[in-house]
1. Starting from the Cα gyration tensor of the stretch 135-245, take the square roots of the eigenvalues, sort them a ≥ b ≥ c, and report rounded, prolate or oblate (rounded when a/c is under 1.5, otherwise prolate if a/b is larger than b/c, else oblate).
2. For the stretch 264-374, calculate the relative contact order in percent as a whole number, restricting contacts to Cα pairs under 8 Å that are 6 or more residues apart.
3. So who's got an amide H within less than 5 Å of the one on residue 51, skipping anything under 5 residues away but keeping other chains? H placed 1.01 Å off N, in plane.
4. Suppose every K and R has +1 on its Cβ and every D and E has -1 on its Cβ; what is the size of the dipole of the stretch 254-326 about the Cα centre, in Debye to the nearest 20?
5. Of all chymotrypsin sites (Phe, Trp or Tyr not before Pro) in the stretch 374-473, which ones are in loop regions per DSSP and have a Cβ with at most 10 other Cβ atoms within 10 Å?
6. Semi-axes of the chain's equivalent ellipsoid from the Cα gyration tensor, sqrt of 5 times each eigenvalue, largest first, rounded to whole Å?
7. For the stretch 1-115, with only Lys/Arg (+1) and Asp/Glu (-1) charged at the beta-carbon, what is the dipole magnitude about the Cα centre, in debye rounded to 20?
8. Only four residue types carry charge here, +1 at the Cβ of Lys and Arg and -1 at the Cβ of Asp and Glu. Report the dipole size of the chain about the Cα centre in Debye, rounded to the nearest 20.
Amino acid sequence: MKELVLLGDEAIGQGALDAGLSGVYAYPGTPSTEICEYIQRSKEAGERNVHAQWSANEKTAMEAGLGMSYAGKRALVCMKHVGLNVAADAFINAGMTGVNGGLVVVVADDPSMHSSQNEQDSRFYGKFAMVPVLEPATQQEAYQMTPYGFALSEKFRLPVMLRITTRLAHSRSAVKRSEVRKENDVRLPADLKQFILLPALARKRYKLLLSTQEKLEMESLDSGLNRLEQEEDTSLGIIACGLSYNYYQEVAADAGLKHPLLKISQYPVPAGLLNDFVKQVDRVVVLEEGAPLMEESLTGILENDYRIGGRLNGLLPRDGELDPLLVKKALGLPVEAVRAVPEIVKNRPPALCKGCSHIDMYNALNEALEPYSPGRVFSDIGCYTLGALPPYNAINSCVDMGASVTMAKGASDAGLRPAVAVIGDSTFTHSGMTGLLDAVVEQTPLTVIISDNSTTGMTGGQKSHATNRLLDICRGIGVEEEHMRVMNPLRKHHEESRMMLSEELAYEGVSVIISQRECIQTAGRRLRKEKSKKAST
Ligand code: SF4
């Protein structure tokens, strides 16, 4: 089989296709977006008719993946770490129901928050749901662990989490492909009650899940993914989880280190394996990307055992990505000074593109809000969150997807009038709609601005479920027709926009203003495509 040069994300997409994938379900989120995009672009996936559409949010993606698994086929579900919070209800319950066809849930964590509102370690969710977690160290492993994940999922009838981090997701390497496996046929679960979590049935499923844990540990021992690399210098032992194995290899090769190394890529990790390893060395350094999950399970909650060091005792920083320099420092090796950034490299804070429709919307909103005291605009997550920065200084919150509408509602309930929510079209259908329903049911005075650019702009322009549907959706939710207005955010319409906003801010009820103009990036791409299509005909 030929080699491909792939991003970690793409390696997972290819691995899933080669494993007989029948459908991928995902909501875009950095650093996971490219997995679904790779499958969407894949010729093989198209020929096989593999389902590869974006979902409305991570929870619907998880539930649809579970449904495909129920029907016996292999499904991949992808999201970033904060997306797993949205999908958590379905994810934890999928551990309880178990699966039929293989179900692999890829979660891409973002340590150092390159493009996220928090750092969180999804391995905890895997542990919480009591399902196997795989953590590749390289792109090749990401490729290979995907078919293994499906096989593991079908063997134990459980969803399997594949956890990666930003650096692995977004760096490229050569990947050797394996044989392509045929897709599963449709076949329903042997026990048709398996997926019914009524309390009496759920209690049985939970006991089954508990009784499977020992077998999962044995599998972690036998799979070869957790392996001991024996070396003679036992003054120190290294436990390296996932990508940090790579960082250690780089440092050890440079410094000529010969310490025993326990590579962890599969959880739950058998306690015996860890015990045996720790006993044979004088001291242990735990390298793991994210939170100190492994270190904590070794040291427990009692006094610090300084034979074991890592993120908990300050040997490594408690937050942020790991890198070879941090690993060197933790191992007591000399660390060369990092070269200063040359003058020519200018600091470029993120900014809305010149000509972005959000700019005109914020300019109009800021003026409309002039008669009121500041601090009443609740924003959501998307390009428009950059409205927090100068010169706009237009928003006062950014918490999680969909939170703008519900936070504005809460503030309005508290007596803050007017209260304004700013939300994007894609985020509105992700999880803003239900908050609007709450406001409509209670007739809570608030103004919701849906800044509709007909795409998911922040992650590169994926299709938005809201395109051409916003008015119908708001109408269906029950927003009054005369307080559902469409604004054209262009400089030449500024006065009109400001007036429309002022009128709705003064309204003591629910109003929705759809500020509608296509993202200039996707518009540019679309026009270039249309032009080249015309030229070729
Ligand atoms: S990508 Fe689109 S939505 Fe985002 S800032 Fe640029 S123009 Fe605006």
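The values are calculated or read from the model by the stated rules, or taken from the named source; none is laboratory data. All values reported here derive from a predicted model rather than from experimental measurement. Cβ placement follows ideal geometry from the backbone for every residue including glycine, while neighbour counts extend to all protein chains displayed. Only protein heavy atoms, including side chains, enter the accessible area calculation; ligands, DNA and RNA are left aside. Shrake-Rupley method; radii C 1.70, N 1.55, O 1.52, S 1.80 Å.
1. Because a/c hits 1.5 or more and a/b fails to exceed b/c, the stretch 135-245 counts as oblate.
2. 16
3. Those lying under 5 Å, H to H, from residue 51 are 23, 24.
4. Its charge dipole is roughly 280 debye.
5. Qualifying residues, ordered by number: none.
6. Values: eigenvalues 373, 158, 115 Å².
Ellipsoid half-lengths, sorted descending, are 43, 28, 24 Å.
7. Magnitude of the dipole: close to 320 debye.
8. 1400
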